[in-house]
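Here's the structure, in structure tokens; my notes come after.
The values are calculated or read from the model by the stated rules, or taken from the named source; none is laboratory data. Only a predicted model underlies this, so the values are computations on that prediction, with no experimental measurement involved. Here the Cβ positions follow ideal geometry from the backbone for every residue, glycine too, while neighbour counts run over all protein chains shown.
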């Protein structure tokens, strides 16, 4: 199982060091992917711009939106162009994870009808596929093949059908190893029903905190991000991995559940969290000094 690390683009205190220095360290440490999380009505850094900054200071690590709330980007052709630009500048390292999201305030601020988000997403996928295939005269062309690497999130049969029709795989968006393991068979069945060869790539997300302030960081960051979510807020806090033993346990849990990749998202913007996670995940830190 690959192990990726999130950028702290939704941590409230994040600054340049939390993006640029963090990305350099993660690239040197051997993590598989750098992930971003999306929100609009929140003081986070925008995911695609954040990944463009990361692309400029890294050489090998994948650049992953996990996920981008696609219907908030109402111009699908422009979105396809933006993604292909990052894909080209990073020499094919872009991995676009998309889903529909569920925050009414994000949709209101975008002047997009939330009740139509599934239909909008389907239309976007058709348009973006056409753009990447060179059918609309909109470039640049994806660095490799007919499109960038694509993952789709969601837990409904319609989401799995989108994975099978358009994407390379599915991203779970949290919920824990047991929920992940329970859902993967439906994703694979949709893939098989669509006549796709092989198996879909499966990616999982979890939150972590390491160091003396780990528990406080988790409450602050996860609690703030999910403040809108009622009882789920506490479930998200409780599900985050605080400390080395909990991080190892969640890695082992997703490995046992059959995930192809686990992306661990931070609850602190301190770049030394990269060093700490590398030590837990890989047994040693290979970080070069940032700067």
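When each of 215, 206 is tested for being surrounded by 14 or more Cβ atoms within 10 Å (Cβ to Cβ) and over 21 Å from the mean Cα position of the chain (by Cα), the lone residue that passes is 215.
The set of residues from region 1-54 being surrounded by fewer than 19 Cβ atoms within 10 Å (Cβ to Cβ) and assigned to a strand (DSSP E or B) comprises just one member, 2.
In region 62-98, of all residues being at pLDDT 95 or above and assigned to a loop (DSSP other than H, G, I, E, B), the one that is surrounded by the most Cβ atoms within 10 Å (Cβ to Cβ) corresponds to 93. Taken together, 255, 248 contain a single residue that is out of contact with any helix residue (DSSP H, G or I) (no Cβ under 8 Å at 6 or more places or on another chain), assigned to a helix (DSSP H, G or I) and either modelled with pLDDT of 95 or more or farther than 30 Å from residue 103 by Cα (or both), which is 255.
Within region 276-288, can one find any residue that is outside any helix (DSSP H, G or I), in contact with a strand residue (DSSP E or B) (Cβ under 8 Å, 6 or more places away or on another chain), more than 30 Å from residue 160 (Cα to Cα) and at pLDDT 95 or above?
Restricting attention to region 276-288, the residues satisfying the condition of being outside any helix (DSSP H, G or I) are 283-288.
Checking the rest, the ones that are also in contact with a strand residue (DSSP E or B) (Cβ under 8 Å, 6 or more places away or on another chain) come to none.
Among the residues of region 276-288, not one is outside any helix (DSSP H, G or I), in contact with a strand residue (DSSP E or B) (Cβ under 8 Å, 6 or more places away or on another chain), more than 30 Å from residue 160 (Cα to Cα) and at pLDDT 95 or above, which makes the answer no.
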